[in-house]
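Every number in this text was worked out from the coordinates using simple rules, so none of it is lab data. Just so we're clear, the structure is a prediction, and the values are computed from it rather than from any experiment. Please note: Cβ atoms are built from the backbone with ideal geometry, for glycine as well, and neighbour counts cover all protein chains shown.
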Amino acid sequence: MNNKNYSSQLQRLREVLLITLLGEIPTIALGVKLRNLGYRSIFSRIGSQVYIQNGVEFMGTSCIEISNSVYIFKGVRIDGKGHQNNKVFLGNRVAIERNVDIGCLEDTCIHIGDDTFIGPDVCIEGPGDIKIGKHCMIAAHSGIYANNHNFADPMEPMKYQGVTRKGIVIEDDCWLGHGVTVLDGVTIGKGSVIGAGAVVNKDIPPFSVAVGLPARVIKNRISMV
């Protein structure tokens, strides 16, 4: 076994032990403090005044960076995969509600900017890079998927045909309503509002209001002023 594999396995062992020991301590002041202290040795970085409830699952913690005053609620799963080129970054005052799933594959960067709120049961998945800006609101049951399965060969199972990965950008101050789906290769411009249930499969200009399946722009917020 080479040194790189040994180091990776040792990191994973420390990660499993600490999260098993500390992860289920009830969310009282002592539980929060113990998690913050213990997790500092396995995460890339944990800032000050971080609030992590019990029942949060982390993997690949060496690739996860948590800034100041972040709130992470019960049932959240964040998987950095432990790959050296991966990064999951949570900016200052990010709030991640219950049962959110954030996952990387190889060579994936997921960046969530300051003061952004991620509602319950949201799914944010690579392998393409995902950048969510500052002051965004992502409502419950939304999905942000930075990949697309290839299916050109009807004789081969699609699961073996690989994926494309263009990446997704959601710029600052965007609001995604309940159950919005954002597909790979899309940029949603600054200050845009995406109506509940919309499927965003192409770029949305800044300060737009877009609804429908697929999403189409119906208003510009600048012209509404």
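Below, the figures for the structure above:
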read-out: Only Lys, Arg (+1) and Asp, Glu (-1) charged, at Cβ; the range 104-174 dipole about Cα centre in debye; value: 160 debye
read-out: Separation in nanometres of the label points that stand 7 Å from Cα toward Cβ, at Asn68 and Lys219; value: 3.7 nm
read-out: Cα long-axis angle, helix 29-39 against the chain (0 to 90 degrees, to the nearest 10); value: 90 degrees
read-out: Helix 3-22 axis, angle to the chain major axis (alpha carbon atoms, nearest 10°); value: 90 degrees
read-out: Cα principal axis extents for the range 1-115, largest first, Å; value: 42, 29, 23
read-out: Residue order, fewest to most surrounding Cβ atoms within 10 angstrom, among Ser223, Ser48; value: Ser223, Ser48
read-out: Local net charge near Asp79, Cβ-Cβ under 10 Å (Lys/Arg +1, Asp/Glu -1); value: -1
read-out: Greater than 31 Å apart at Cα, pairs in Lys33/Lys190; Lys74/Lys219; Lys33/Lys166; Lys159/Lys202; Lys87/Lys219; Lys81/Lys202; value: Lys33/Lys190; Lys74/Lys219; Lys33/Lys166; Lys87/Lys219
read-out: Centre separation in Å (Cα based) which lies between the range 95-146 and the range 12-55; value: 21 Å
